[in-house]
Each structure stands twice: as C-alpha cells, then as structure tokens.
Amino acid sequence: MLPPFNIRQWDRVRAAHLLNRAGFGGAPEDIDALHALGFERGVDSLVKGVDDSEQFPKPEWAQPLNRFALRMEARELSQEERKLKFDEIQKQDREHQMALIAWWLGRMRFTLNPAREKLTLFWHGHFATSAEKVKNPYMMWLQNETLRRLGMGSFADLTKAVARDPAMMVFLDTDRSRKLRPNENFARELMELFTLGIGNYSEEDIKEAARAFTGFKFNDADQTFRFAELQQDDGEKVFMGKRGKFVGDDIVDIIMAQPQCARFIVSKLWTFYAYENPESALVENLAADYRKSGYNTAALLRAIFQSSAFYGERAIRSQIKSPVQFVIALSRGLDVGLPPAPALSGIMRQLGQIPFLPPSVKGWDGGKAWITTASLLNRYNLANFALGNGTMEIERRGKKRAANGPREIKIRKGPDLQEIAPTELRAKPQELIASLYWRLFNAPLDPKHAAPFEKFLSGKKMPLDDASLRELMHLMASTPQFQLT
Amino acid sequence: MDHDHIIEPHTRTLHTRRNFLRTSMLGAAATWTLPIFLERTFASLDAMAADSAIQTVTGKDGPILVVLQLAGGNDGLNTVIPYADDIYHRARPSLGIAPDRVLKINDHVGLNPKLAGFKSLYDEGHLALVQGVGYPNPNRSHFRSTEIWATASDAERNDPYGWIGKYFDSCCAGADPTVGVSIGGETPQAFSSPTPTGVSFSRPEQYRWVNSKKADADQAFRELNQPDDAMMDGLGGQANEGGSIGAIGGSIRSELSPLDFLQRTALDAQLSSDKILEISKKFQPAVPYPRGRLADSLSLVGRMIAGGLPTRVYYVSQGGYDTHSNQGGTHDRLMTELNDAVSAFCADLKAQGAFDRVMLMTFSEFGRRVVQNGSGGTDHGAAAPLFLLGGGIKAGVHGAHPRLDKLDAGDLIYNTDFRSVYASILEQWIKAPSDKILGRKFPTLPILG
C-alpha cells in the first residue's frame, strides 16, 4: 500500500483533480457534488460506479452478420451486381463505424459511470485494435463491450478474453495462424505491448507462444469464437523456461506469474492516471499488491486514487489532455452536447485521436505527442466552436475531398450563457473571470494569468454581453495552460 | 501557378522568434508599453548576439531533404528483387515475383513491377538504391526499431533525441520554426530535440487561430501564448547561430516541462501559420498528383518548396507495410501508391526547377523474413534496401545484396549500417558534421553525382 492521502487536504481542487483523472471532469456542480461526498465515499462512488448500461443500448445495427452466407449468395449474382452489393455493404460499414465512434463518445459524455468509461478508453489504447484493418463495426463494438465488461475485473481474465476477441484476432492475424506455419503477430504484441514490455522475453518465446495460439478462429456466421482443433499445434512447447503442451490460456497464465507483468501494467496505469515515469519503488509497491489480488484492476484503481502521490506536485496539472479528454471535459464543463457523427469523427481526426482507429497496435503515445503546432491550433479552434462561435472546418476524406474541399459545420446549440454567467456576475469583472476560469480549468486562478483577461474586459461595456463573454472564454481556452489537466 | 510572386524580404525576417516578439505586441508602432516580463526578456535577448536576418543554414535556396518513412516494415525482398537467385523463388512460392515481371537493374536485382517510375528515375540517373541496410543486433519490434532509426542510436542504447532533431539542435539554433516540417498528425521521433523544433500540419488552410478578428482579442491571444520568463531565456539561440556550422551548442538542455513544451509549440504555431497560409493560397501543385494520402503529403511539400518556405527537412510517411498476411495485393497497392506519388513529386520539382535542390530518402524500420509464412504474408525481418532520389543523386547500386543462403534466424544480414546513409546525407548534402550529430564517424557512400 502506498502512503495514503491526507484526508484533511480534501478540497474542491483535489476533488476536481480526481474527477478529471478518474473520469472526464465535469461542470462546477459535479465537482461540488463529489467534494461533498468526502474523500473516501468520493473515491468509492467513482470506482464502484453506477450501472447505467440501459441508457446506452447497443446500436440496432450492431448484429452479427453472416458474411459467409452473403458471399455464397453473391456467387449467384453477376459480377456487376456483386460489386454493387459489396460496395453497399462497405458504405454501410463506414457509416456504422462513424456512428459507433459517436456512440462511444456520447457515452463518455453522458454516463453516470465515468470511471468505467475512462478505464475502457485505457484498455482500448492498451489492447489497441483499429477498425481500419478490422473493417467490421459490429466486431469493434463487441470488443468495446468486452473491455467495458471485464475492465474492472481481473487483468488475467481480460487478457484471455481479448485473445479470443474476433476484432483482435483479425487485427493481429491470430485467425490466420496455422499449425504448420504459425503467425507471430499476436504472440509478439501480447508480450511486447500487452503484458511484459520489450526485453522481457526472447524471440524463441514468441515463436513458442505463436504455436500455442494456433487454432483460434471465429465463426464467419456469427463472429463467435471457436477453437479449430485440427489447426491447433498441440505439441510440447518451451515457454519462459516452462515445458508443456500449452494452449493460449496457459501462455497467459505463465505470463501473469511474472512479476514484470504486474509492474508493466501498473506503470502504464499510473502514467495514464497520475504522471509519467513513476518512481520504481511506487510501481513495485502497487505491483506486489496487484499480483496478490489476482490482478484486480478495480482494487488497483482504488489504491491509486487513495494514495498521497496521486494528489502530489508531480500529478496536479501535469498531464496534457488527450483529444478525447479535451473534447469530453470541455463538453461536460460547458454542459453542451457533442457534434453529430461524422462531423465528430472529423474533429477527432484533426485533434489526433479517433476512438476505434488507433494509429497502430501500440495505441496512442500520449503526453507531448498529442501536441504539434497544428493540433494545438485545432484545439484552440475547437474550443471556439464548442462555445457556439461560428463554424469549424473539417477536412473531407477520399473522393469528396478532391471535389469539394473542406466542409464547414455549425454548432447547433452553444452553452447556456445565462447559466454559466448570470447577469449579476457579468457586472463584476474579477469575479466573472474567476468563475469562468474555475469552470474551464478546474484550478484556482493564478494572478499572473488574470492580467490579460482583465485587460481584455477593461474596454468592454458592463454587464458583459454574450458575444464578449464567448470571446473571453475562447481566449481562456486558447492557451497552453488549458491543455493541461 | 505563381512562381513570380516572391515572398517579400520583410515578411521573411518577421518570422524569427525575436522579431516576432518585438513586433507582435506593437503592430507597426514604435512606442511600446510592454508588460514587464517581456521587457526583461528583451534585455536578455539583446545581451546575446545580434539578430542574423537570414539563417544561412536554412536559407531559401539551400538543399532540402525529404524523409519518406514506410511504416510497418516494407518487404525489401519484393521491392528490390534478387530475381536471379533460386532461393528467393523457392522461399516464396506464391509471393515471389517472376523474373519476367521484374524491372531489371542489373543481372542480379530488379525493381518491383509497380515501380516503373523509380526505374525511369534510375535510368535517367537520379535514383540510387542502397542494399542490405540495417544495424547490428537488429530489433524486430516496430516501435523499438523505428526508434533506433529515428535516434540513430545503437540497438542497446536509449538515446532520447532524433537524428534530425540533433541536426537542428547543433546547426540550426535560432532558425525559423519551419526549418523542419512534418506533414500529418504526430511529430516524428526523428525530429525530437531538447527544445521542440519543427512544425506539423496536414491542411494548411486550417493552420490558423480562428477568432472574431477583433484587434483586442488578437492581442490578448498573442499575450496569452507568449512563453514565460524562464522559457524565454532558452529561446534566443546560440551566439554564433546560423553561419558557423561547426560550432555545437554545448550542453544538452533539459527536457521541457509539459507547460514549457506547450508554450514553445504555441509560439511556433503563431510564427509559422501566417507564412504557411500565405503559401498555400498562392501556390498550387505544378503537376497533377494521384489520389491518396502520400500523394497529398508530397503535393503539400511541393507547394511549400515552391512558396519558398525556408525548410531544410520535410518528413512524410506512408503506412500499411506490416504485411503479415495476404501480402500480395496489399504490397502491390503500396508499391503503386509509392511509385505514383513519388513520381508526381519529382515531376513537380522538375517543373518548378527545384529538382536539383531536393533529395528524397525512403526508409523502413526493417525488412521481412525470407520465407513466406502460412498466411500468405511475411513476418518481421531485418536488413532491407532503401532509395535515394533527386537531381543531385548519382544513380547506382550501393552495398551488396544480402545473401539468401546465409541468414540470421531466417533474416537477411545487413552490410550497410543505416547511419552510413545518414552520415553521407549529412556530410555531402546538408553539409553538417555527421560525427557530432550521430555520435561517431560512420563510413560514407558516394551518393552525389
């Protein structure tokens, strides 16, 4: 166990920090509510969460599709008809994929269980799988559900489930791995990226693990997992010093017995939730408990959120918001909705992170990698857009791009400015600035940073009108500081 | 296509950080009431050497390097094909390319059939291929191997900065932020340096801060996006910036904190966006480009070159090369895209009269295994060829083709260290001291004509 947080230090700033890191932040009322629960109940309420799954039913198109039967039917058609049919399916797949992105982001925005969605986002970046190769929105949805369902439980169970997940099997070619010619892709990434980290296994281990994962397939008809015994290499393998007729699950068990596995996951989770380059003593401490608990991730999260280090100097306001965090926290802070798909996909692309479309199996590098000159400008412009100011240009993709150039989208409904800044507040510049700052930054206003805003307001008529209020908030959001959480 | 429009000198000098900071708060006015922290900063800047208006190293007419990353591990054996070697055909019963389809370079190797444009460039005298490129103790992880190529470090070490970042750091201190331009999403690791250098964008028309265009909002914006004091002291650059290529900055500066990093990026974004926007409005591609992301990226590079952006290194990338299964169709498509995009780019440069100034280098983090796997694809390998092209290149074949009968755990053994290629480019093309940038001397290849 790590040195615990000093409960007497519990205040709104730390409640805000917890809400932003464990979840996606919130409006001032949400922070107040968490603060009011007190530290222990606050952490508990987040980790336990509320089950609001019925609020987010699966999309009606998210059904298995019997593609084998489709292909057989298509044999009856002429070549032209076949092409039309498959083009139609492809078009639908693309639409559904964009709808899926919006579905998940919407869930992150509105769920009463933000800790679970944030953890699902972590697992998605960890077991990174891209729709670009998988090309099957139902399977992407299925994987997302698996990560959500098992994410808080045992990491060992989660890993075994992911090994059988159809989208993962397509992404890392497990389904094509044959007895005589095993495909190494999954075995390598399992160890390098998912469990142990580079340098903690040998090339031989990869080859042997690949043999153990042969025979993994899924049914074309309904995308459920099946085990093809004939394709399974059931011979003896030597893996990490152990000898046996191992199958996939055995490999995972052996990996979980390595202390390095716990260290690797703990380190990644700490980096995601607290800060980069955690101290090795801290990692060892948490990793020992993680292994003892049977890799219980909920318990690990609880330990992280209850530690003093989580609220320390290295952690507070030290993290560059990911694009998803940026969008969801801004929407929650302003209490606005999200743009519809496909505009939303376009926005996420410009910011550099599209859920379900990680750039590679390594997921997203995060941290400073989120920030380039272009992505920073895009964040500034998106904030403007979210505030209800004007339009945003989204680049089109593919054929449409050549023909039409970028498209403009208008926000449907900006934030409720009366709610955010009632008239009485608008007549008091300093209080107004402090209030808006708190809403946007969830941090106390550093006097050094107040000057430009005060100067901006000094020429304006009081009480401040809507346009100037929006402009002021836009200025606040168009700063390097706003990128930190 | 407006090559007669030259960017006026005064706008060019505006885009050094010092000039920007002097003038941004003021517009054209000479009377200033500066916030105190900026005043103090100008004092410290003045204490350093005087401005050099034109950075000789990154001048408008200097040589340009375009780095084209083939991400995923390009199958070198099917790119530069040892068509005369029986082992090749036996190892790849379905993936092997028949000798009569290969675009022959000599009696031993030829190019993939989809690389007709590359073959023309070779015949013209403007393309060189380097065979068997790799490094000792090859790593077969995408991420680690890419990192090794990006940092030019030995496989056992963990150097933090990119080889191009180190070049920027030692030879381009104080240069325009657009000294390095990467087209696309993330900053490539090859650019990483103690202070972030280089800009990234994919759509120049959107590369700007959108606001109401009221002067006071603009001014407040600039003020909010100035770096603070401590950051400012590090910004000015070295005393002998620009001209003296041999002098290295000296101490390694510490990694910036997230906030400092953000502030520096914000400043560079402002400095570069006007220029890039301006160019993107005035210059369109000189030739038609095919469709596709790579072509889009190269076409953008072409426009920036036409517009006189003082960039020394451009970075573009093409993904999708990790062909573990069903390689045939995918690799064909990738080769076609590569060929068509690069050929259009060369034609563009020739039409602009810039072909002699530009060198393009392709690289991939590793090649692939000799024997095809059970899924109609290939797994991660080691040594592979790379291409160098441009008006200044001397056509030819460097390095020997790795032997197919002597492998390292199924993989080709390298005979040309990739850092030799980097050293050759640094010394001969960019005229920078390769041993200081790469950490030691590597034997070079005679790449220039």
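The values are calculated or read from the model by the stated rules, or taken from the named source; none is laboratory data. Note that the structure is predicted; figures quoted are calculated from it, not measured. No Cβ is skipped: glycine too gets one built from the backbone with ideal geometry, and neighbour counts run over all protein chains shown. To get the accessible areas, we keep the full protein, side chains included, count just its heavy atoms, and leave off ligands, DNA and RNA. Shrake-Rupley method; radii C 1.70, N 1.55, O 1.52, S 1.80 Å.
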Inset, instruction - Take the alpha carbon gyration tensor of the stretch A:86-165, find the square roots of its eigenvalues, order them as a ≥ b ≥ c, and report rounded if a/c is under 1.5; if not, report prolate when a/b exceeds b/c, else oblate. - result: oblate
Inset, instruction - Take the eigenvalues of the Cα gyration tensor for the stretch A:135-178, scale each by 5, and report the square roots as semi-axes in whole Å, largest first. - result: 19, 14, 5
Inset, instruction - Hey, could you grab the Kirkwood Rh for the stretch B:99-207? Inverse mean 1/r over distinct alpha carbon pairs, Å, one decimal. - result: 17.0
Legend entry - Hz values of 3J(HN,Hα) by residue in the stretch A:109-119 - Karplus curve (6.51, -1.76, 1.60), Gly and Pro given as x: 5, 9, 5, 8, 10, x, 5, 5, 5, 5, 5
Inset, instruction - May I ask you to give the average projected area over all directions of the convex hull of the Cα atoms of the stretch A:70-113, in nm² rounded to one decimal? - result: 3.8
Inset, instruction - Determine the alpha carbon to alpha carbon distance for each of B:350/B:436; A:217/A:362; A:118/A:368; A:413/B:214 and list only those over 30 Å. - result: B:350/B:436
Inset, instruction - Based on alpha-carbon positions alone, could you give the equivalent ellipsoid semi-axes of the stretch B:293-449 from the gyration tensor, as √(5λ), descending, whole Å? - result: 29, 23, 13
Legend entry - Normalised alpha carbon radius of gyration of the stretch A:1-124 [divisor 2.2 N^0.38 Å]: 1.64
Legend entry - the stretch A:243-312: relative contact order in percent, alpha carbon pairs under 8 Å with at least 6 residues between: 25
Inset, instruction - Scan around residue B:199 for amide H atoms under 5 Å from its own, H built in the peptide plane at 1.01 Å from N, and keep only partners 5 or more places away or cross-chain. - result: B:180, B:181, B:182
Legend entry - Pairs of Cα atoms farther than 15 Å apart, the stretch A:122-231, %: 63
Inset, instruction - Let me know the shape class of the stretch B:275-343, please: from the alpha-carbon gyration tensor, a ≥ b ≥ c as square roots of the eigenvalues, rounded when a/c is under 1.5, otherwise prolate if a/b is greater than b/c, or oblate. - result: prolate
Legend entry - Angle between chain A longest axis and helix A:429-441 axis [Cα atoms, degrees, rounded to 10]: 0
Inset, instruction - Take the Cα pairs of the stretch B:82-157, get the Kirkwood Rh, then feed it into Stokes-Einstein at 25 °C and 0.890 mPa s and tell me D in µm²/s. - result: 165
Inset, instruction - With +1 on each Lys and Arg Cβ and -1 on each Asp and Glu Cβ, and nothing else charged, work out how big the dipole of chain A is about its Cα centre, in Debye to the nearest 20. - result: 780
Inset, instruction - Any chance you could run the full-extension gain for residue A:460 through residue A:48? It's 0.36 nm times the residue separation minus the Cα-Cα distance, nm to one decimal. - result: 143.6 nm
Legend entry - Surface/4 estimate of mean projected area, convex hull on alpha-carbon atoms of chain A, nm²: 25.7
Inset, instruction - Hey, for a label at residue A:427 modelled as a point 7 Å past Cα toward Cβ, could you say which residues of the stretch A:445-480 have their backbone N under 15 Å away? - result: A:461-465
Inset, instruction - State, in square angstrom and to the nearest 100, the accessible area buried between chains B and A, both chains counted, probe radius 1.4 Å. - result: 4800
Inset, instruction - Quick one: angle between helix A:12-22 and the longest Cα principal axis of chain A, in degrees between 0 and 90, rounded to 10, please. - result: 30
Inset, instruction - Starting from the Cα gyration tensor of the protein assembly as shown, take the square roots of the eigenvalues, sort them a ≥ b ≥ c, and report rounded, prolate or oblate (rounded when a/c is under 1.5, otherwise prolate if a/b is larger than b/c, else oblate). - result: oblate
Inset, instruction - Can you work out the accessible area per residue across the protein assembly as shown, with the rest of the protein chains kept in place, probe 1.4 Å, in square angstrom? - result: 39
Inset, instruction - Evaluate the Debye formula for the stretch A:298-393 with equal point scatterers sitting on the alpha carbons, no solvent, and hand back log10 of I(q)/I(0) at q = 0.18, 0.19 Å⁻¹, in q order, two decimals. - result: -0.96, -1.02
Inset, instruction - Report ³J(HN,Hα) in whole Hz for each residue of the stretch B:262-275, in order, from the Karplus equation J = 6.51 cos²θ - 1.76 cosθ + 1.60 where θ = phi - 60°; Gly and Pro get x. - result: 4, 5, 5, 5, 4, 5, 5, 4, 5, 4, 8, 5, 4, 4
Inset, instruction - Please grab the % of Cα pairs in the stretch A:235-285 that end up more than 16 Å from each other. - result: 50
Inset, instruction - Pull up all non-local amide H partners of residue A:218: gap of 5 or more, or a different chain, and H-to-H distance under 5 Å with H placed in the peptide plane. - result: A:226
Legend entry - Ellipsoid equivalent to the stretch B:348-425 - semi-axes via the Cα gyration tensor, in Å: 31, 15, 10
Legend entry - Label-point separation in nm, residue A:219 to residue A:78, each point 7 Å along Cα→Cβ: 3.6
Legend entry - Contour minus Cα-Cα distance for residue B:157 and residue B:120 (0.36 nm per residue): 9.3 nm
Legend entry - Point-to-point label distance, residue B:218-residue B:90, nm (Cα→Cβ direction, 7 Å offset): 7.3
Legend entry - Spatially proximal lysines relative to residue B:104 (Cα-Cα < 21 Å; intrachain offsets below 8 disregarded): B:114, B:119, B:394
Inset, instruction - Give the long-range amide H neighbours of residue B:66: residues separated by 5 or more places, or on another chain, with amide H under 5 Å away, using H modelled in the peptide plane at 1.01 Å from N. - result: B:314, B:359, B:360, B:361
Inset, instruction - Would you mind calculating the gained length between residue A:202 and residue A:180 on full extension (0.36 nm times residue separation, minus the Cα-Cα distance), in nm to one decimal? - result: 5.8 nm
